[in-house]
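Okay, so here's the structure we're looking at.
The values are calculated or read from the model by the stated rules, or taken from the named source; none is laboratory data. Because the structure is predicted, anything quoted here is derived from the model rather than measured. FYI the Cβ positions are ideal-geometry reconstructions off the backbone, even for glycines, and counts take in every protein chain you see.
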Amino acid sequence: MTKVPTVKFNNGQEFPIYGLGTWKSAPGAVTQAVKDAIDIGYPHIDCAHIYGNEAEVGEGLKAKFNDGTVKREDIYITSKLWNTMHRPDLVESAIRTTLKNLGLEYLDLYLIHWPFALKEGDDLFPKNSDGTTAYSDVDYVDTWKAMEDLVKKGLTKSIGISNFNKRQTARILENCTIKPVTNQIEVHPYLNQQKLIDYLKSKDIVVTAYSPLGSPDRPWAKPDDPQLLQDQKIKNIADKYAKTTAQLLLRYGVQRNLIVIPKSVTKSRIEANFNIWDFCLSDKDMELLNGFDCKGRFCPFTDAITHKDHPFANDEY
């Protein structure tokens, strides 16, 4: 576990800058993926209620605790509050459900998954009678205040946000007693997020980069969408370092001092994705990769684009 560098959050917690993502990991495969990742040396597992696989992630964690590979304090677990549970009276029960599924007594990090709230209820993607997404008008600032209570109750060590733009982050900072430690956002060379990263850094908020490989298996991908991993310009840079395109992209995130969370359920890829600590990209190549930015967002959540709190509706950063 000593191989992965850490970053210090604004609350003093040390947190590893590398972890296994579990979005789109099928319940039947994710237990083994978690076990493999921990065996390989991943110190951080990134989860969320909406991924529908936290109980299976929990099985993998339990196996590795029981066989002595890691202790609870050796591993860092992140999860996220889903949009239908933003109402303050629902927040604590949401994290308790996640803890029960994961088989844990506390989380290391709990995030508000998106700034906009959806209609409360059992349906995680609620619809109106006309088929449009059903919204809730809960203010994310009120949700944040309920998140702060979770820290006070010892249910999570740190709290943060995800997919918040600059204006929304500023509103949280103006109304909080506990600052967010991180904002988890989509980051890769097609969407380098430099403006938002600079702003967050100025506020002592660490950035976690999701979809660092461009999320090629996202359910809404179209056949003619650009493929980050197949980009010849990126391949050419990777060849210089005798690394795969994926390894280059992951190293790019790490060298920007981001927490990077690639997803895979394939042991060989989980292993290859971890093999990024023996090389360093030159300043020139980092600049080159930054130059590929085209605001190419792979995860826009367009089904809720008309929500007043949608973070990308007005091309805000």
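Annotations for the structure displayed:
- Count of region 215-249 residues which are modelled with pLDDT under 90 and among the small types (Gly, Ala, Ser): 2
- Residue count, region 267-283 (criterion: exposed (fewer than 15 other Cβ atoms within 10 Å of the Cβ) and touching a residue at least 40 places away in the same chain (Cβ under 8 Å)): 1
- Some residue of region 260-270 being closer than 26 Å to ASP198 by Cα, in contact with a Phe, Trp or Tyr (Cβ under 7 Å, 6 or more places away or on another chain) and in a helix (DSSP H, G or I): no
- Within region 181-205, considering residues that are of a type in the set (D, E, K, R) and in a loop (DSSP other than H, G, I, E, B), the one surrounded by the fewest Cβ atoms within 10 Å (Cβ to Cβ): ASP204
- Pair list, Cβ under 7 Å, 6 or more apart: region 121-150 residue in contact (Cβ under 8 Å) with a residue 60 or more places away in the chain and closer than 19 Å to HIS49 by Cβ, other residue among the hydrophobic types (A, V, I, L, M, F, W, C) and in a helix (DSSP H, G or I): LEU124/ILE50; THR133/ALA304; THR143/VAL91; MET147/VAL91
- Of ILE185, ILE197, ILE205, all but one fail to be within 21 Å of ALA170 (Cα to Cα), β-branched (Val, Ile, Thr) and without any contact (Cβ under 8 Å) to a residue 40 or more places away in the chain; the exception is ILE185.
- Of LYS263, LYS240, LYS267, all but one fail to be among the charged types (D, E, K, R) and under 21 Å from ILE185 (Cβ atoms); the exception is LYS263.
- Evaluation of ASP309 against (1) charged (D, E, K, R); (2) in contact (Cβ under 8 Å) with a residue 24 or more places away in the chain; (3) surrounded by fewer than 20 Cβ atoms within 10 Å (Cβ to Cβ) (one fails), failing number: (3)
- So ILE178, is it part of a loop (DSSP other than H, G, I, E, B), under 16 Å from ILE112 (Cβ atoms) and of a type in the set (Val, Ile, Thr): yes
Each row is one residue, and each column tells you yes or no for (1) under 19 Å from the mean Cα position of the chain (by Cα); (2) within 22 Å of LEU150 (Cβ to Cβ); (3) buried (at least 19 other Cβ atoms within 10 Å of the Cβ).
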| site | (1), (2), (3) |
| --- | --- |
| GLY28 | no, no, no |
| CYS47 | yes, yes, yes |
| GLU56 | yes, no, yes |
| LEU99 | yes, yes, yes |
